[in-house]
Amino acid sequence: MRTIAMRVGPGIIGILATLWFGSSAVWACPFCAPSGNTLSNEVAQADMILYGSLSNAKLDPQDGGFNKGTTEFHIEIVIKPHDIIKGKKTITIPRYIPPEGRGYKYLIFFNVSPTGELDPYRGDAFPPDSRLPEYLQGAIAVRNKDAATRLKYFFRYLEDKDVVISSDAYNEFAAADYKEVREVAPHFPPETLLQWLADPNTRGSRYGLYGLLLGHCGKPEHARALRRLLDDKERQFASGLDGVLAGYILLDPQEGWKYLTQLIHDDQEFPVKYAVLRTARYFWEFRSDVIPRDKVLDVMKQLVAQPDIADMPIEDLRKWKQWQLTPLILSYADKPSHNTIPINMRAILKFAIAAAQADPKNAAAAAFVAQARQQDAKRVEFLEELLKDEERLLQPNPTPKDSPQPKK
């Protein structure tokens, strides 16, 4: 696949899932690393999408630009129709598009003006054997179906050899609500997921999703297989370790959680500690039915003791309002291992401010904040404002009913 320059805009992989750029939006999949907008969502934004071939490209002799001119487009498949092409097999595109190669096909996104002018704002070239038209038509067909139907369709393409197709299928999972993924995951074939996880050619960004899905559809023997993969020194899960850990724990909570806690030690690499943190977050937020929250807190306390990552679990504990841990958190302000790292001290102070505000009887937190205010009042005021802004972002937008009404 090669992108054809038509107008400044994101590439097709770059325009592949929504949900990321909102003020408080987060990706629903706990262990996915999405890379853009889904094609089915992009379809909704275009006025017309066509698939076909190009011919007779002509430069405009009156213009010295690079793409001024015309090109004939032979329509083979109408992905998204528009009345302007009704009954037509060929249209003229107001751009000069030189041929990419013999037999190449093109997927072109158009905007159509009220006066009927075509604006081909995005175009991509594909080899003639590409399955993209078939995939895209199927994606459009299931777009308004229930989540189970949609995700079952996209599962079939997660390891497609066409990177555009497989990336888009992956982003559909990334954009899905975790509740939807959890409901459909038991219907997926565990052996396929295990095969993908064991394949050294599988992209590292996929391990987290595949491990999570296997955790929902596997059996005890798959837990043992996951453990073998985790213990394999030749298979370092540099990316996606969190999802693989979660899958192992879902299949064998006792042994899986024991394995996770043993990963926390002073000599451990930061990416592994971070994977442990993300896994702990998952069980706190989504699956306390599998791992009780008191066990999650034990792991978070172990992570707080690690100075290279301490700020992150402290932030989580603040957001989870675990004020009973105030003495423990504040104690690290007196330890050189932690108090020589500014970001750790910042997290400790934010925890103390929030704890003091939440509970006026929390004398330890109040005293810590008071001392910090004496040392640097502007810093404390800045963090207080930061916490207020964070709280405002977490508040749902008011509905018209909730909005203040003008006085009559």
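The values are calculated or read from the model by the stated rules, or taken from the named source; none is laboratory data. Just so it is clear, the structure is predicted and the values come from calculations on it, not from any experiment. Cβ placement follows ideal geometry from the backbone for every residue including glycine, while neighbour counts extend to all protein chains displayed.
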Report summary line: Log entry, pairs with first residue in segment 83-107 being hydrophobic (A, V, I, L, M, F, W, C), second being at pLDDT 90 or above and part of a loop (DSSP other than H, G, I, E, B), beta carbons closer than 8 Å, six or more apart or on different chains, reads I84/G116
Query raised in the report: Just to be sure, is L59 surrounded by 15 or more Cβ atoms within 10 Å (Cβ to Cβ) and within 23 Å of I165 (Cβ to Cβ)?
Result: no
Query raised in the report: Within segment 365-386, can you find the residues that are surrounded by 15 or more Cβ atoms within 10 Å (Cβ to Cβ) and not β-branched (V, I, T)?
Result: A365, A366, F368, A372, R373, L383, E384
Query raised in the report: In this structure, is G215 within 17 Å of the chain's Cα centre (by Cα), under 30 Å from D311 (Cβ atoms) and either outside the structural domain of M312 (by TED's automatic domain parsing) or of a type in the set (K, R) (or both)?
Result: no
Requested in this report: Scan the strands (runs of 3 or more DSSP E) fully inside segment 28-138 and keep the ones with 2 or more residues being among the hydroxyl-bearing types (S, T, Y).
Outcome: 48-59, 69-80, 90-93
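One line per residue, one yes/no per condition, for (1) farther than 22 Å from L213 by Cβ; (2) in the same structural domain as A223 (by TED's automatic domain parsing); (3) of a type outside the set (G, A, S):
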site: G247; (1), (2), (3): no, yes, no
site: L250; (1), (2), (3): no, yes, yes
site: D289; (1), (2), (3): no, yes, yes
site: D311; (1), (2), (3): yes, no, yes
site: L325; (1), (2), (3): yes, no, yes
site: S337; (1), (2), (3): yes, no, no
site: I348; (1), (2), (3): yes, no, yes
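Among the residues of segment 110-133, which ones are under 26 Å from P61 (Cα atoms) and not hydroxyl-bearing (S, T, Y)?
Listed by number, the residues that qualify are F110, N111, V112, G116, E117, L118, D119, P120, R122, G123, D124, A125.
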Requested in this report: Filter the helices (runs of 4 or more DSSP H) completely within segment 286-362 down to those with at least 3 residues that are under 27 Å from the mean Cα position of the chain (by Cα).
Outcome: 293-304, 311-319, 342-358
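With A280, A310, A275, A305 as the choices, which residue is of a type in the set (G, A, S), surrounded by 16 or more Cβ atoms within 10 Å (Cβ to Cβ) and in contact with a His (Cβ under 8 Å, 6 or more places away or on another chain)?
Working: A280 fails: in contact with a His (Cβ under 8 Å, 6 or more places away or on another chain); A275 fails: in contact with a His (Cβ under 8 Å, 6 or more places away or on another chain); A305 fails: in contact with a His (Cβ under 8 Å, 6 or more places away or on another chain).
Being of a type in the set (G, A, S), surrounded by 16 or more Cβ atoms within 10 Å (Cβ to Cβ) and in contact with a His (Cβ under 8 Å, 6 or more places away or on another chain) holds for just one of A280, A310, A275, A305, which is A310.
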